[in-house]
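The values are calculated or read from the model by the stated rules, or taken from the named source; none is laboratory data. Treat the numbers as computed from the prediction; the structure is a model and nothing was measured. Note that we place each Cβ from the backbone using ideal geometry, even for glycine, and neighbour counts take in every protein chain shown. Keep in mind that these areas ignore ligands, DNA and RNA; they rest on the heavy atoms of the full protein, side chains included. Shrake-Rupley method; radii C 1.70, N 1.55, O 1.52, S 1.80 Å.
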Amino acid sequence: MRYIKVSALFLFSVFLLGCDNEIPPERMKSGEDLYNYYCKDCHMRKGPGAYMEHYAGSKPMKPYKILLLIKYDFKKGQHSMPTFKQLSDKQADALAEYIIELQKAKIESR
Ligand code: HEC
């Protein structure tokens, strides 16, 4: 009887874990997940577009510029981007990489 209870409990926790495919944002690692969570909705409504489709540059941005922009208040006042101080360095790097991919794809499609 006890064995059954323990295994039922075990199965139930596996079930719960299996349902939990929402990673909390502070544990997200992929640039795409982070972008979808923090950035995409707003870009869809204003700014460069959900997939950077309104990006006007002829080259992708440099990673350090993206990092300054999203994490360190670069040029605050001249643009309307919020700052995401909660991003870890790794997350900010992953985001910058993903943004650059989107910008490259946009430039190549012209
Ligand atoms: C509150 C809305 C909003 C959110 C949230 C937001 N952005 Fe933006 N973003 C903008 C707007 C508007 C612009 C257009 C330029 C400006 O006004 O700063 C922009 C521009 C940019 C640019 C520059 C594009 C260019 O052409 O120079 C980058 C890179 C960028 N956003 C990255 C991000 C990333 C990464 C995130 C998430 C961590 C994010 N943004 C979240 C509104 C937002």
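Return yes when residue 16 is modelled with pLDDT under 95, surrounded by 11 or more Cβ atoms within 10 Å (Cβ to Cβ), on the phi < 0 side of the Ramachandran plot and in a helix (DSSP H, G or I) and no when it is not.
Against the criterion (modelled with pLDDT under 95, surrounded by 11 or more Cβ atoms within 10 Å (Cβ to Cβ), on the phi < 0 side of the Ramachandran plot and in a helix (DSSP H, G or I)), residue 16 does not qualify.
Taking the conditions exactly as written (at pLDDT 95 or above, in a helix (DSSP H, G or I) and surrounded by 12 or more Cβ atoms within 10 Å (Cβ to Cβ)), does residue 37 satisfy them or not?
On the way: at pLDDT 95 or above: yes; in a helix (DSSP H, G or I): yes; surrounded by 12 or more Cβ atoms within 10 Å (Cβ to Cβ): yes.
Yes: the conditions hold for residue 37.
Give the number of residues within the range 35-62 that are among the small types (Gly, Ala, Ser) and more than 26 Å from residue 23 (Cα to Cα). Quick ask: steps written out before the conclusion?
Of the residues in the range 35-62, the ones among the small types (Gly, Ala, Ser) are 47, 49-50, 56-58.
Then keep just the ones that are more than 26 Å from residue 23 (Cα to Cα); that gives 47, 56-58.
Residues in the range 35-62 being among the small types (Gly, Ala, Ser) and more than 26 Å from residue 23 (Cα to Cα): 4 in total.
Going by the conditions given, is residue 46 at pLDDT below 95, within 7 Å of the ligand (Cβ to nearest atom) and of a type outside the set (Gly, Ala, Ser)? Reasoning before the result, please.
Numbers: at pLDDT below 95: yes; within 7 Å of the ligand (Cβ to nearest atom): yes; of a type outside the set (Gly, Ala, Ser): yes.
Yes: the conditions hold for residue 46.
Quick one: would you say residue 10 is surrounded by 10 or more Cβ atoms within 10 Å (Cβ to Cβ), modelled with pLDDT under 95 and in a helix (DSSP H, G or I)? It would help to see each step written out before you state the result.
Working: surrounded by 10 or more Cβ atoms within 10 Å (Cβ to Cβ): yes; modelled with pLDDT under 95: yes; in a helix (DSSP H, G or I): yes.
So residue 10 passes the test.
Take the residues in the range 52-110 that are assigned to a helix (DSSP H, G or I) and near the ligand (Cβ under 7 Å from one of its atoms); name whichever of them is most open to solvent (accessible area, probe 1.4 Å). Walk me through it before giving the result.
Of the residues in the range 52-110, the ones assigned to a helix (DSSP H, G or I) are 63-71, 89-108.
From what's left, near the ligand (Cβ under 7 Å from one of its atoms): 66, 69-70, 95, 99.
Details: 66: 6, 69: 39, 70: 18, 95: 6, 99: 16 Å².
Checking each candidate, the answer is 69.
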